């Protein structure tokens with residue numbers, strides 16, 4: 001596998017949460033640095049070393065609501 005993509009959103013409780021597309025991997029972090037470390041750890045835990053993705057991509061999603 002060449003890469004894995006995570007969708008990252010702000011958590012309602014604060015911080016960030018990340019969900020992998022196509023895999024059962026979910027993690028969170030209080031800030032982006034902690035989130036990146038937790039994502040790397042979760043990917044390493046989920047995959048065998050010979051099947052580890054070469055690239056981890058974080059796709060940031062920010063929702064903005066405008067009330068009329």
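Every number in this text was worked out from the coordinates using simple rules, so none of it is lab data. Everything numeric here is computed off the predicted structure, so don't read it as measured data. Please note: Cβ atoms are built from the backbone with ideal geometry, for glycine as well, and neighbour counts cover all protein chains shown.
Computed over the chain with a Gaussian network model linking Cα atoms closer than 10 Å, the most mobile of 31, 50, 41 is 50. Look at 27, 45 and count the other Cβ atoms within 10 Å of each Cβ; fewest to most, that gives 45, 27.
DSSP finds beta bridges in the chain, and of those with both partners inside it, around 55 percent are antiparallel.
Can you give the direction-averaged projected area of the convex hull of the alpha-carbon atoms in the chain, in nm²?
5.3 nm²
To the nearest 10 degrees, how steep is helix 32-46 against the longest Cα principal axis of the chain, on a 0 to 90 scale? Value to nearest ten degrees: 40. How high is the relative contact order of the chain, given as a whole-number percent (alpha carbon pairs under 8 Å, six or more residues apart)? Dividing the mean separation by the residue count of the chain yields 39 percent. Per-residue ellipticity at 222 nm, computed for the chain from helices alone with -39500 (n - 2.57) per DSSP H run of at least four residues, works out to -7000 deg cm²/dmol.
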